[in-house]
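Visitor: Here's a structure for you.
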Amino acid sequence: MPAPSPSSDPRGLALVLGSATAFGGMAVFAKEAYATGLGVLSLLEARFVCAALVFWLVVAVRHRRGTARFAPSRATVQAGLLLGAVGYAAQSGLYFGALTRIDASLVALLLYLHPVIVVLGALATGRETPGARTWAALGAASTGGILVLLGGGVGDLDGLGVTMAVGAALAYATYILCTDRAATDAEPFALSAFITTGAALSFGVAGLASGELDPGAMIGAAGWIVAIALVSTVGAVTLFLAGMARVGPSRASIVSTFEPVVTVGLAMAIYGEALTAVQLAGALLVLSAVVVLNLGPRRAPAQPARTEPDAPHEPTPAPVPVGATA
């Protein structure tokens, strides 16, 4: 029998859906970790140390088995560490900080503005040629973002929390655009290892300088830390890479829009969070814009190996990068 086409491979689609589900659960894991008394810097330092160790183990096993050759250039090493220490650390810090102030569902939807910001950045730098479909998608996403923000009532918004969530989307988009020009020859798992190592170093320095690292609280929240590091970081990245290899980057990007749906659904079921009808309409506009941007042939920046949005979402080549790779 003929093999399934790359775009319709059921197993590939299931793998990408699994990745989106794993990424989508990260916001809930973080909320539960905070409930134990763990601070943001302690959580992020523990997360990235654990994730980096596992990624390096994966790299070593793949190299030993001959699955992938580990011989990164000096430029790749420097780019990976810098992307993690600055770009990914900024995105994660803002994302996880926003989760301490506003609902997980709102953070998830605001972070999902990052694919649109990536396209705007590509247009501004001449790396993307605008067309009717692009402008329509940008208009839908912009309208949707406004509805998500204002649909629940302006007076109910935490200004700093919203600013941090939008800042996380902007930081992630910048990180993606920079990764498109740096370390493009890197093996995905090796690049993920360098990026998480850089982020761990950044949060370690910040935690020590501020005195906010709390080993005791880390032990108390060990289960949630492991869930974030293994399920929503390493596991999500691995599933996405495996699924994308089967269905292609465009289809994988579209299927990944399931991620904020998971976050919103879990937040509603566990915390009783609820979106208004206006906010739901806005969410549909944002997600539809991501789908439209991935339909049909177009040139766009490559997406780094997913390591996150926080992403409710931490990034592999795809027409329009999606997912929290927060």
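The values are calculated or read from the model by the stated rules, or taken from the named source; none is laboratory data. The model shown is predicted, which means the values in this text are computed figures rather than measured ones. Cβ coordinates were reconstructed from backbone atoms using ideal geometry, including for glycine residues, and neighbour counts include every protein chain displayed. These area figures cover heavy atoms from the full protein model, side chains too; ligands, DNA and RNA do not enter into them. Shrake-Rupley method; radii C 1.70, N 1.55, O 1.52, S 1.80 Å.
Visitor: Quickly rank 217-223, 136-142 as a protection proxy: mean count of other C-beta atoms within 10 Å, highest first. Intermediate results must be reported in sequence, preceding the final value.
Guide: Working: 217-223: 16.7, 136-142: 19.0.
Averaged packing, sorted descending, gives the order 136-142, 217-223.
Visitor: Next up: What would the Debye formula give as log10 I(q)/I(0) at q = 0.11, 0.13 Å⁻¹ for the alpha-carbon point model of region 76-231, no solvent?
Guide: -0.54, -0.75
Visitor: Here's something else I'd like to know. May I ask you to give the solvent-accessible area per residue for region 1-83, in square angstrom, as obtained with a 1.4 angstrom probe?
Guide: Roughly 52 Å² per residue, with all protein chains present.
Visitor: Any chance you could list P(r) for region 221-269, counting all Cα-Cα pairs in 5 angstrom bins from zero, rounded to whole %?
Guide: 5, 19, 18, 24, 20, 10, 4, 1
Visitor: Another one. Just to verify a number: FRET efficiency for Y271 and S210, C-beta to C-beta distance, R0 = 22 Å, to 0.05?
Guide: According to the calculation, E is roughly 0.20.
Visitor: Give me a comma-separated list of calculated 3J(HN,Hα) values for region 59-68, in order, Karplus coefficients 6.51, -1.76, 1.60 applied at θ = phi - 60°, integers in Hz, x for any Gly or Pro.
Guide: 4, 5, 5, 5, 5, 5, 7, x, 5, 8
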